[in-house]
Amino acid sequence: LEAELTEICRWKEWRWRGGGKQFGGGLTRAEVVEQRDRCKAALDELVSRLNADLAACLHRELRPPILAYDALKTRAGRLDFLDLLLRTRDVVRRSRAVREELQRRFTHLFVDEFQDTDPLQAEILVLLAADDPGESDWTRARVVPGKLFVVGDPKQSIYRFRRADAALYEATKARLVARGAEVLYLSASFRSAPSIQEAVNAAFAPLMQGGEGGAPATQARYVPLQRVREDPGGQPTLVAL
C-alpha cells in the first residue's frame, strides 16, 4: 500500500491546471485545483510519515544481518573500512600509552578535503594533535598550536561522503577556533574569468547564508570569489540563454 501511495504521488496528473473558469457540477476550476492541491499536500505528508516509520522498522530488521556480517568477518579475520576506523578510534581513546606514543611520533598533521571527514576520523585527528596524552575526550582536548592544519570546502559536504556533513565540519572548526586556531579563506580563483566570478557571486551569495540563530551550521556560508586576472578579449565569457 505504501509503495502504491508513493507511486500516486508521482502522477503527472497532479500538475493539471485545466482550462476555462468552470469545471462542472457547480464548481469552478479554481475550486477544483485548490481541493486537488490540498489533497496532494496531505498525501505527501502521509508518505513522508510512512517513510520515517519505515526507516525505524528497517533499523530493527537489519540488525540480524549486520550481526551475521560481523560474525563472518571475525571468522575470516577480516576488517572493512568502518572496522578500521572504529578499532583505531577505540585504541586511541582507551589507551594513554598509545596516545602518548602517537602524539610524540607525529609532530605535524595536514588534512586535505576536511569536509569529507566523518565523526570517527575527526575524533582520531584531534586526539593525535592534543597537547595532553591524559585527555581521552576529544571534545575537551586542546590541540598543540601549529600542529594541525586542515583544508576543506564545506560546500562539498552535500555529497555525504562516508557520513561527512557540514554540521560536523562547522562544529569541529568552531571547537578549534575556540582553542586558538585561525581560519583563512581561499577566495582567489585562478580558473575563472572575472565576469563569470561576478555572475556566480551574484547567484549564490544571497542563497548560502550558513547557520541561523547561533546553531551549528548545516549549510555552508558563501565566500565570494575574488578577481585575479582580466577577462579574455575577443570572445564572450558569459552567454545568457
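The values are calculated or read from the model by the stated rules, or taken from the named source; none is laboratory data. None of these values were measured; they are calculated from a predicted model. No Cβ is skipped: glycine too gets one built from the backbone with ideal geometry, and neighbour counts run over all protein chains shown. Ligands, DNA and RNA are stripped out before the accessible areas are found, and what is left, the full protein with its side chains, is counted by its heavy atoms. Shrake-Rupley method; radii C 1.70, N 1.55, O 1.52, S 1.80 Å.
Things to note:
- Residue check, ARG49 among the basic types (Lys, Arg), modelled with pLDDT of 95 or more and within 24 Å of the chain's Cα centre (by Cα): no
- Of everything listed in (1) buried (at least 16 other Cβ atoms within 10 Å of the Cβ); (2) modelled with pLDDT of 90 or more, the single unmet condition for PRO145 is (1).
- Residue within the stretch 36-55 that is open to solvent by less than 70 Å² (accessible area, probe 1.4 Å), under 30 Å from ARG87 (Cα atoms) and among the hydrophobic types (A, V, I, L, M, F, W, C) present: yes
- Residues that are closer than 23 Å to VAL143 by Cβ and free of Cβ contacts under 8 Å to residues at least 24 places away in the same chain were ranked within the stretch 153-185; the one that is most open to solvent (accessible area, probe 1.4 Å) is GLU182.
- Close pairs from the stretch 72-95: first under 20 Å from ARG140 (Cβ atoms) and modelled with pLDDT under 95, partner of a type in the set (Ser, Thr, Tyr) and open to solvent by less than 70 Å² (accessible area, probe 1.4 Å), Cβ under 6 Å, at least 6 apart: none
- Of the listed requirements (1) over 24 Å from ALA164 (Cα atoms); (2) part of a helix (DSSP H, G or I), LEU82 misses just one: (1).
- In summary, GLN22 fulfils each of the numbered conditions (1) open to solvent by 60 Å² or more (accessible area, probe 1.4 Å); (2) at pLDDT 85 or above; (3) over 24 Å from ASP165 (Cα atoms) with the single exception of condition (2).
- Condition check for LEU127: at pLDDT 95 or above and either more than 25 Å from ALA164 (Cα to Cα) or not in a loop (DSSP other than H, G, I, E, B) (or both): yes
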